[in-house]
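Asks: One structure is given below, represented as C-alpha cells, and several questions about it will come after.
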Amino acid sequence: MDEVRETLTLTPQNYYDPSTDWEYMSFSRFKQFQTCEAETLAELNGQWKPTSDETALLVGNYLHSYFESPESHTKFMETHPQILAKTGKNKGKPKAQFKTADSMIEALTADQVFNELYQGTKETIVTGKFGGMLWKGKIDCLNLADKYFVDLKTTRDLHQGYYNEVDHLREDFVSYRQYDLQMAIYRELIQQTFGVDCQPYIVAVTKQTPPDKAILEIPDEQLKAALDDAQKRLPHIQQAMNGEIKPNRCECCDYCRDTKRLAKPISIRMLLK
Ligand SMILES: [Zn+2]
C-alpha cells in the first residue's frame, strides 16, 4: 500500500517558516539554490545563517504591506520599530530609506491607471506541482475575474542594464533578477490552484527622486524559456535536498569561503567567471 503523506497546508502565518521550504519550493529559494546549493542546504538544515541586507528587505516589505491593506501596514509598523529614527531631526519619523519608500507609494497611489489595475485579492497563497516538486507562491494582487495578476517590484532605475556573467550579455533588471521565471511559475500555480490562466504584469517603481514607474509585460516566449530552463535545473536540486548527491559548491559565497579547505592548485584560467 502506498504511504499516504499529509501535505502541509500553507497559511499567512506559516508561509515564510523555513520548515515549509522542505515541502514547497519557492521562487526565492530556487534562485538561492541556483547561486549555491551548498549554502542553501546548510541554511535549510539550520547550520548556516546568511547575512542579508535587512534594510533593503524592510523597505520592500514596507511598500508591500501598504498596498496589501491599511491593517497590514499598521501591523508592519508596530512590529518593526527600527523603521523610525531614534535620534536626530527625524526622531519619531521614518528613517530616510523609508521616506523614499513613501514617495514610491505616493507615485503609485496618485496614478489613476495603477489604481484601476491594482484591483483584486492581495497576498494570495497559491500552490502547485512543477518539475516534480511542490511549489508555493504569494501573489501581490490577483484578479481572477479579469484574468491577470500584478507583482510589485522596486528597482534602482528602469533602464539600467546588468551584466549576466554566465551568458555574457547585458540584461534588463527583470531578466537579470529572473522575475520572468517568477511570473511564469506564478501563472502556473494560479492555473493549478484556481483553473484560470492569468496574464502576468509587473508594476515597477524606482528608488529615484522622483520615482519612475511602469507596467511591464514579459514576452510569452521568454516566460516559456524561463520555465524550461528551471525544469532542467530542478532534478539536481531535488537530489541534493534528498541527500542523494552532494550539493554543488559555488566556492565564492560566504558559506563556501568559510568552509573552504585547500586542495590541489587551480589554474589561473579558472579564476574569472
Ligand atoms: Zn557557495
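Asks: Which of the residues belonging to the stretch 81-100 are assigned to a loop (DSSP other than H, G, I, E, B) and within 11 Å of V59 (Cα to Cα)?
Replies: K95
Asks: Only residues that are surrounded by 15 or more Cβ atoms within 10 Å (Cβ to Cβ) and either hydrophobic (A, V, I, L, M, F, W, C) or within 15 Å of the ligand (Cβ to nearest atom) (or both): list them for the stretch 17-28, please.
Replies: M25, F27 - these are the residues of the stretch 17-28 that are surrounded by 15 or more Cβ atoms within 10 Å (Cβ to Cβ) and either hydrophobic (A, V, I, L, M, F, W, C) or within 15 Å of the ligand (Cβ to nearest atom) (or both).
Asks: Answer with yes or no whether K86 is within 16 Å of the ligand (Cβ to nearest atom) and either of a type in the set (S, T, Y) or surrounded by fewer than 11 Cβ atoms within 10 Å (Cβ to Cβ) (or both).
Replies: Answer is no for this residue.
Asks: Could I ask something else about it? Restricting attention to the stretch 127-165, report how many residues are touching a Ser or Thr at 6+ places or on another chain (Cβ under 9 Å), of a type in the set (A, V, I, L, M, F, W, C) and assigned to a strand (DSSP E or B).
Replies: Of the residues in the stretch 127-165, 6 are touching a Ser or Thr at 6+ places or on another chain (Cβ under 9 Å), of a type in the set (A, V, I, L, M, F, W, C) and assigned to a strand (DSSP E or B).
Asks: Does the stretch 266-273 contain at least one residue that is in a helix (DSSP H, G or I) and away from the ligand (no atom under 16 Å from the Cβ)?
Replies: Checked the stretch 266-273: at least one residue is in a helix (DSSP H, G or I) and away from the ligand (no atom under 16 Å from the Cβ).
Asks: If you don't mind, there's one more thing I want to ask. Going residue by residue through the stretch 150-169, is there one that turns out to be modelled with pLDDT under 95 and of a type in the set (D, E)?
Replies: Looking through the stretch 150-169, at least one residue is modelled with pLDDT under 95 and of a type in the set (D, E).
Asks: Hey, can you tell me all the residues within the stretch 64-83 that are surrounded by 13 or more Cβ atoms within 10 Å (Cβ to Cβ) and among the β-branched types (V, I, T)?
Replies: I83
Asks: Of all residues in the stretch 229-252, how many are exposed (fewer than 13 other Cβ atoms within 10 Å of the Cβ) and away from the ligand (no atom under 16 Å from the Cβ)?
Replies: Matching residues across the stretch 229-252 total 5.
Asks: Any residue at all in the stretch 112-120 that's surrounded by fewer than 19 Cβ atoms within 10 Å (Cβ to Cβ), out of contact with any Pro (no Cβ under 6 Å at 6 or more places or on another chain), charged (D, E, K, R) and assigned to a helix (DSSP H, G or I)?
Replies: Yes, the stretch 112-120 contains a residue that is surrounded by fewer than 19 Cβ atoms within 10 Å (Cβ to Cβ), out of contact with any Pro (no Cβ under 6 Å at 6 or more places or on another chain), charged (D, E, K, R) and assigned to a helix (DSSP H, G or I).
Asks: Of the residues that make up the stretch 50-71, is at least one closer than 23 Å to M241 by Cα, touching a helix residue (DSSP H, G or I) at 6+ places or on another chain (Cβ under 9 Å) and part of a loop (DSSP other than H, G, I, E, B)?
Replies: Yes, because at least one residue in the stretch 50-71 is closer than 23 Å to M241 by Cα, touching a helix residue (DSSP H, G or I) at 6+ places or on another chain (Cβ under 9 Å) and part of a loop (DSSP other than H, G, I, E, B).
Asks: Pick from Y255, Y201: which is surrounded by 11 or more Cβ atoms within 10 Å (Cβ to Cβ) and either in a loop (DSSP other than H, G, I, E, B) or within 16 Å of the ligand (Cβ to nearest atom) (or both)?
Replies: Y255
Asks: Which pairs turn up if I take residues in the stretch 139-167 that are more than 14 Å from P211 (Cα to Cα) and look for partners that are surrounded by fewer than 13 Cβ atoms within 10 Å (Cβ to Cβ) and among the hydroxyl-bearing types (S, T, Y) with beta carbon separation below 9 Å, at least 6 apart in sequence or on another chain?
Replies: I139/T121; C141/T121; L142/T121; N143/T121; L144/T121
The values are calculated or read from the model by the stated rules, or taken from the named source; none is laboratory data. The model shown is predicted, which means the values in this text are computed figures rather than measured ones. Every residue, glycine among them, receives a Cβ derived from its backbone with ideal geometry; neighbour counts consider all protein chains shown.
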